[in-house]
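Below is one structure, written out as structure tokens, with a few remarks after it.
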Amino acid sequence: MENNLAPEPKIGASREGARLGRSVSTPPRSPRIIDVTAEERLEIIYIGKLLKARYGDYSHPDFISMIHLNAYKMLPERLAKILSNFGTDFSEEQYGAIVFRGLVEVDQDALGVTPPSWKETDFSKLVEYGFISALLHGVVPSKPVEYFAQRKGGGLLHAIIPDEKMALSQTGSGSKTDLYVHTEDTFLYNAADFLSFLYLRNEEQVPSMLYSIRSHGKTNEMMKELFKPMYKCPKDANYATEEAIGDSPSTAVLYGDEATPFIRFDAAEQIFNKDAGQSPEAMDNLKEFWAEAKQLIYNDFIPQAGDLIFVNNHLCAHGRNAFVAGFRNENGIMVKCQRRQMLRMMSKTSLIHIRSVTHPENPYLIMEEHYGQVYKNQG
């Protein structure tokens, strides 16, 4: 079953377009939503258990080297086709994100209490979810990778958990402020191509924010200004100010084909970070763009345990609403609950094109620090 929440084209406009011999499409305003069937879900859960028995861990070299073959052979055919097509669709109709609703069944008792932060995560409980996430990336096809800029690598799978010490930060560990929409690692030239976010629990019922460059429709004059390489982006809020700014080059916000562009954008760092060092012209352009973009943010979807959101990081930015970690609203009364827990995986379609910034002994570990600069003396 499939539920696509994007608005239908206006009948009159479609007929007029047909009369003039051209197609007329309505800009997508929401992600494609796929309802995973009970049969598909059982098949996926079985696959996770089978791969765990065969390889032990989703980072096993034999599994990673065979990931594309395993993905095409093992995943339910319908889901594999959807993701395979998604990986090469950059059209004006492509929103850039897919929601797989009810992808897995999460055993909440086996998962246990949400740890205080990602640092205390027991990854032995998450191995099957790691295999499942990896297969989805593999069928795109894309290869799971890790970034030294993210938790000094931290493995192919990251637990995203609200941390009280970082509650006000613009990071995945924050909670008390809205996390502004952003493409992942905007401060890198070689950011991830695809992201997956698998929700293990979201008892606080926090909506997930998504924003697609395709929602603007045709590239207008304001957007054309964003193709100019004149915009700064510090490293994100995981870094101290003096470490984040540095001597940063200027880059474009939009790139690729002008009619159907890609985007590299982080509202928090490029617009609201007073230390970003934007020129007056760049800041004016960014503010004008943001005034339009923020009206196009989609946050009507509230992920439930077992849902997964798959994102093209060149088309779609993500974020989340502010919330009170560990509490849910029941008829106006805040009731304690288990805190939100999510699993993130990132991938690249080509290891060849990133080889200049990967670890000499590990082509899956990206050592880029800030717009082409590579970490030094990290072993």
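Computed from the coordinates by the stated procedures, all read-outs in this text should not be read as laboratory data. Because the structure is a prediction, the values reported are computed rather than measured. Backbone-built Cβ (ideal geometry, glycine too); neighbour counts: all protein chains shown.
Okay, residues lined up against (1) within 30 Å of Lys125 (Cα to Cα); (2) surrounded by 16 or more Cβ atoms within 10 Å (Cβ to Cβ):
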residue	(1), (2)
Leu286	no, yes
His318	yes, yes
Arg340	yes, yes
Leu351	yes, no
Pro360	no, no
**Message:** Out of everything in the stretch 30-48 that is over 16 Å from Lys81 (Cα atoms) and in contact with a strand residue (DSSP E or B) (Cβ under 9 Å, 6 or more places away or on another chain), what residue ends up being surrounded by the fewest Cβ atoms within 10 Å (Cβ to Cβ)?
**Reply:** Ser30
**Request:** Need at least 2 residues that are touching a residue at least 40 places away in the same chain (Cβ under 8 Å) and out of contact with any Lys or Arg (no Cβ under 9 Å at 6 or more places or on another chain) per element, so show me which strands (runs of 3 or more DSSP E) inside the stretch 260-352 make the cut, counting only ones lying wholly within it.
**Result:** 308-312, 316-320, 341-348
**Message:** Just to be sure I understand the filter: pairs with C-beta atoms under 9 Å, separated by 6 or more residues or on different chains, first member in the stretch 51-72 and on the phi > 0 side of the Ramachandran plot, second member part of a helix (DSSP H, G or I) and surrounded by 15 or more Cβ atoms within 10 Å (Cβ to Cβ). Which pairs pass?
**Reply:** Gly56/Phe63; Gly56/Val127
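Determine whether Glu369 is touching a residue at least 12 places away in the same chain (Cβ under 8 Å), among the acidic types (Asp, Glu) and out of contact with any Pro (no Cβ under 9 Å at 6 or more places or on another chain). Break it down into steps so the answer makes sense when it comes.
Details: touching a residue at least 12 places away in the same chain (Cβ under 8 Å): yes; among the acidic types (Asp, Glu): yes; out of contact with any Pro (no Cβ under 9 Å at 6 or more places or on another chain): yes.
When the stated conditions are applied, Glu369 passes them.
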**Message:** If the requirement is being within 15 Å of Leu195 (Cβ to Cβ) and polar (S, T, N, Q), which of these qualifies: Ser133, Ser91, Ser124, Ser117?
**Reply:** Ser133
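With the structure loaded, tell me whether Met367 is crowded, with 21+ Cβ neighbours inside 10 Å, in contact with a strand residue (DSSP E or B) (Cβ under 7 Å, 6 or more places away or on another chain), hydrophobic (A, V, I, L, M, F, W, C) and within 22 Å of Thr121 (Cα to Cα) or whether it fails that test.
Judged against the criteria, Met367 is not a match.
Residue-wise test of (1) touching a Ser or Thr at 6+ places or on another chain (Cβ under 9 Å); (2) among the hydroxyl-bearing types (Ser, Thr, Tyr).
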residue	(1), (2)
Leu51	no, no
Tyr55	no, yes
Phe63	no, no
Leu75	no, no
Phe86	no, no
Asp89	no, no
Val99	yes, no
Ala110	no, no
